[in-house]
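One structure below.
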């Protein structure tokens, strides 16, 4: 249920950081807030419909996600090469599905889960708040066409609802990677899933599904949930498929997984530690030992260099 109390965004963030590590009475004393307000927000947090699953393990927290949006309702004079005369209703988010790397659970949040949901209402705050919470917990987010569409759409709704931005996170856009490293005739998630044998998207009734969901049809929402969840499952499979080819030794193509395994030599692409030495990567003045990861198959290089004059390796700064 969407929070409807008087606590500010900053106050709610403070309470989330303290609860459930302290009792309600202790939190009220620590923050100086009225006991009743703190108790009310604690009850809000205990409601299962408000929960976003925590990422597993020690990190990195990698979030695979996909959002679905409703179209804008506009006035036009024609169907062909036309301009919009006026906007009757802006677009909004219908739902999102997401999963954490290392977890089998795909969670789904939609406007239809909001107890205040009304058919054809553009109020998506319920979805926006929960997506922001997921982003806030993530070290890395992964989406197909995410940098151009999903992330920017999400940010637009955060801004619209005066929701604070999430903590900084890195992004991986699998559509960008597919375009950069491969020459398929289409880089859509559907076609890449078909070409590489990863599975297909859920078949549906087209735009009628979106329209029926906006109207509150339960069967349509069940199909939308299935569709949205499957896109996330397919997304993670594509991410794994592309991983060995992303970046080259000396040019990391995505977040460095080694940042979360300090003191260990791991594959920067996937974090695997089963590595074999495979020659050298040479620049204009130095050479670096090249390694291949037996987990993902990708190549990278160690952070030690040998100059042209030879000698012992020097760690890069």
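Bear in mind these aren't lab numbers, they're just calculated from the coordinates by the rules spelled out. Only a predicted model underlies this, so the values are computations on that prediction, with no experimental measurement involved. Cβ sites come from the backbone with ideal geometry, for glycine too, and all protein chains shown count toward neighbours.
Give me the base-10 log of I(q)/I(0) for the chain at each q in 0.07, 0.10, 0.13, 0.15 Å⁻¹, Debye formula, one uniform scatterer per Cα, rounded to two decimals.
Debye intensities relative to I(0), on a log10 scale: -0.38, -0.71, -1.05, -1.24.
Quick check on packing: order 52-65, 114-127, 76-89 by the mean number of other C-beta atoms within 10 Å, highest mean leading.
Averaged packing, sorted descending, gives the order 52-65, 114-127, 76-89.
I'd like the distance separating the alpha-carbon centroids of region 149-182 and region 89-105, in whole Å.
Cα centres, region 149-182 to region 89-105: 12 Å.
Helix-only estimate, please: 222 nm mean residue ellipticity of the chain, summing -39500 (n - 2.57) across DSSP H runs of length 4 or more and dividing by its residues, to the nearest 500.
-9500 deg cm²/dmol
Test of understanding: in a Gaussian network model of the chain with alpha carbons linked when under 10 Å, which of 66, 273, 147 would top the mean-square fluctuation ranking?
Maximum among the listed residues: 273.
Out of the DSSP beta bridges found with both residues in region 56-243, what percent are antiparallel (nearest 5)?
70
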